[in-house]
1. Looking only at region 22-53, which residues are over 30 Å from F345 (Cβ atoms), open to solvent by less than 20 Å² (accessible area, probe 1.4 Å) and of a type in the set (A, V, I, L, M, F, W, C)?
2. Can you tell me which residue is farthest from the chain's Cα centre (by Cα) among those in region 382-403 that are under 23 Å from K113 (Cα atoms) and part of a loop (DSSP other than H, G, I, E, B)?
3. For the subset of region 111-126 comprising residues that are of a type outside the set (F, W, Y) and open to solvent by 10 Å² or more (accessible area, probe 1.4 Å), which member is nearest to the chain's Cα centre (by Cα)?
4. In this structure, is F173 more than 19 Å from the chain's Cα centre (by Cα), hydrophobic (A, V, I, L, M, F, W, C), open to solvent by less than 20 Å² (accessible area, probe 1.4 Å) and within 27 Å of E465 (Cα to Cα)?
5. Going through R253, R213, R227 one at a time, which residue ends up being basic (K, R) and within 24 Å of M115 (Cα to Cα)?
6. When you check G238 against the structure, is it open to solvent by 10 Å² or more (accessible area, probe 1.4 Å) and not aliphatic (A, V, I, L, M), yes or no?
7. For residues that are closer than 26 Å to P461 by Cβ and within 16 Å of the ligand (Cβ to nearest atom), tally how many sit in region 149-166.
Amino acid sequence: MRYLSTRGHPDRRRFCEILLEGLAPDGGLYLPEHYPQVDAATLAKWRGLPYHALAFEILSLYIDDIPAEDLARLCAITYTAEVFESDEIVPLRELEDGMYLEALSNGPTLAFKDMAMQLLGNLFEYELSRRGQELNILGATSGDTGSAAEYAMRGKKGVRVFMTSPDGRMSPFQQAQMFSLQDANIHNLAITGVFDDCQDIVKAVSNDLAFKRKYRIGTVNSINWARLLAQVVYYFAGYFQATGAQDGGKPPRKVAFSVPSGNFGNVCAGHVARMMGLPIETLVVATNENDVLDEFFRTGVYRVRSAADTHETSSPSMDISKASNFERFVFDLLDRDASRTRALFEDELGRTGRFDLSGDPAFERASSRFGFASSRSSHADRLATIRDTDQRFACLIDTHTADGLKAAREHRSPGVPMIVLETALPIKFAETIVEALGHEPDRPARFVGIEALPKRVVQLPADVEAVKAYVAQHCDR
Ligand SMILES: *Cc1c(COP(=O)(O)O)cnc(C)c1O
């Protein structure tokens, strides 16, 4: 399998070449040259495989530069019941008839980002040792991504993590999760500023190519193809669980997924699964008040928001103004026309902050051919959904999952199982749970008392040079 850029760069790369990279050289995103097809016989063969074996089957369709036995081993050490708390790894639970929750949040940091990041940690360690190289990951986080990255990379050989976060702005639980790590290769940098300052610093460092090369700076953001690929697996796993044993000879049953969305990474993996032939009827994109994506799927207009126009909501991991993976889907929507994709994302978006596909036949295909639908939720919706789910099903869900469940109910079709992806556990967003229910959510035993653990964090001003100096000082090259 070779990978191409959505903006038409002539190079074709292999998996391990793009593993440690971000954007393609022309600013586009990497996608496979084609989507391997999975037929009914293959689906039947995969049904019943343990999660790590299913992951191996899917990954090996896309990765041909890691020997099969090594890839199988990496999947096996990643997706274990010890790390993800159950043999199913992503167990399904039925709420009302035909409505399911797929649990993706039982990994080390209690959010779905562990599903991909845990694999990434093992892939990075493997590939860096093969090359005899080191990598220094510089990131910015407002919560979930940073902790998922740190728990995935802790103790890994050849990798250091420098994670900036806005000083004092994460929830006490999130701060404790990250800052209590004592691993020597993990560096928490609390920046006196807001999340945008952290992001600007990371961008500025990445734009200093000499520094970047000298200190081998890398990232783990959501545009990384390996992260997306790892997420494809749980769409298959959810499908198998929701459709149960099937009669031989009958056409495979269809399902629908509802996906709490921000950067369009999670739901883009669903799109890839569907393009491979997984029988998905509908992919529901669930947004909060930051409704860039809902607006597009309703109107055909994609309009990036300014920082001032991005709301702080009670599902904060979806507070985005620009969906960084969206270009991948638009590329497919435009029948993989790279020059049109480039014209939209580089020229139009760069010039006007928006593009409009409303009059274009391609926009109609978003629902008719690609199965997309969307919804938007408010804070009041979140509270109502959390209360209702608690009362009727004795099931406590987090605020992001609540956005997904509300959207799912708006897009049900009769006889089609609907699977809502649970993207975090409620303890991460306890404040809103208390507002909805009047009491704190349960805390998994391994997190009891973490706020009292010693913290390993340094404070730095919102200054690029200060961050560079810290990184330089802590890379023994
Ligand atoms: C990251 C995140 C999301 C959004 O996922 P995208 O892949 O960015 O669309 C939703 N919910 C939670 C809890 C998250 O951490």
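The values are calculated or read from the model by the stated rules, or taken from the named source; none is laboratory data. Since the model is a prediction, treat every value here as computed from it, not as a measurement. In this analysis, Cβ positions are derived from the backbone assuming ideal geometry, glycine residues included, and neighbour counts consider all displayed protein chains. For accessibility, only protein heavy atoms count, side chains too; no ligands or nucleic acids. Shrake-Rupley method; radii C 1.70, N 1.55, O 1.52, S 1.80 Å.
1. Correct list: L43, W46.
2. Result: C395.
3. Per the stated criteria, the residue is K113.
4. Considered against the rule, which asks whether it is more than 19 Å from the chain's Cα centre (by Cα), hydrophobic (A, V, I, L, M, F, W, C), open to solvent by less than 20 Å² (accessible area, probe 1.4 Å) and within 27 Å of E465 (Cα to Cα), F173 comes out as no.
5. The unique qualifying residue is R227.
6. Against the criterion (open to solvent by 10 Å² or more (accessible area, probe 1.4 Å) and not aliphatic (A, V, I, L, M)), G238 does not qualify.
7. Residues in region 149-166 being closer than 26 Å to P461 by Cβ and within 16 Å of the ligand (Cβ to nearest atom): 4 in total.
For (1) farther than 23 Å from H9 by Cα; (2) of a type outside the set (D, E, K, R); (3) within 16 Å of the ligand (Cβ to nearest atom); (4) surrounded by fewer than 21 Cβ atoms within 10 Å (Cβ to Cβ), each residue gets a yes or a no:
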site	(1), (2), (3), (4)
T310	yes, yes, yes, yes
S315	yes, yes, yes, no
F345	no, yes, no, no
Q391	yes, yes, no, yes
C395	yes, yes, no, yes
